[in-house]
Every structure is written in structure tokens, then in C-alpha cells.
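**Q** My questions all concern the structure below.
Readers should treat all values here as calculations from the given coordinates under stated rules, not as data from a laboratory. The shown structure was predicted, so the numbers you read here are calculated from the model rather than taken from an experiment. Cβ sites come from the backbone with ideal geometry, for glycine too, and all protein chains shown count toward neighbours.
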Amino acid sequence: MLKIRLARHGSKKRPFYQIVVSDSRFPRNGRFIEKIGFFNPIASSKDKKIYINMEKIQYWTSQGAAVSKRTNYLIKKSKKLPVSNV
């Protein structure tokens, strides 16, 4: 089964998450199919905090991928954020 979920990167106490499509049998930071965004919870005001490619989300969900709870929350949150031309 395919899942859209977060893969944790970054150093100790400085998390950085990639939003990836992967098989649910693989480990959290293991093999993945495609990167479709990122989430940086400790980003400064200048840096982007969330980026999600919505076209890829729609494509993978149409292919049967399940979205994790936290990723679903981030998708809804990113839809509410104003779009910047950076």
C-alpha cells in the first residue's frame, strides 16, 4: 500500500521533514518513490515553512495512496497560506 507521509531529516533538535510517497512496508526514512514537498517547523520568517506540490498529491491519491494524519493536516494548512512569488 502506498502512503504519503513525512520522512524526518536534519540534526538533533533541528528537524526537517520531506513529504514523500513510499510503500508502507518500508521504514520512515527508508526507500521512497517520490519527494513531493517539505515541512520545516523551525523556519525563520524569511524561509518557506511548507511547500507541497498539490498536483502530485492529487495524482498519487488518485492512484490509491493513503495520506497520513499529520501530512493531511499540513496539506489543509498549506491551502490556507497565501501564495508567495518566490
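**Q** One residue is enough: does segment 61-69 have a residue meeting the conditions out of contact with any helix residue (DSSP H, G or I) (no Cβ under 8 Å at 6 or more places or on another chain), exposed (fewer than 15 other Cβ atoms within 10 Å of the Cβ) and without any contact (Cβ under 8 Å) to a residue 12 or more places away in the chain?
**A** Taking every residue of segment 61-69 in turn, at least one turns out to be out of contact with any helix residue (DSSP H, G or I) (no Cβ under 8 Å at 6 or more places or on another chain), exposed (fewer than 15 other Cβ atoms within 10 Å of the Cβ) and without any contact (Cβ under 8 Å) to a residue 12 or more places away in the chain.
**Q** Just one of LYS3, LYS12, LYS48 is surrounded by fewer than 17 Cβ atoms within 10 Å (Cβ to Cβ), in contact with a strand residue (DSSP E or B) (Cβ under 9 Å, 6 or more places away or on another chain) and not aliphatic (A, V, I, L, M); which is it?
**A** LYS48
**Q** Still on this structure: Please determine whether any residue of segment 56-66 is closer than 12 Å to ILE19 by Cα, touching a strand residue (DSSP E or B) at 6+ places or on another chain (Cβ under 8 Å) and assigned to a helix (DSSP H, G or I).
**A** yes
**Q** Are there strands (runs of 3 or more DSSP E) fully within segment 1-52 with at least 1 residues that are more than 23 Å from ALA66 (Cα to Cα) and within 15 Å of the chain's Cα centre (by Cα)? List them.
**A** Per the criteria, 2-11, 14-23.
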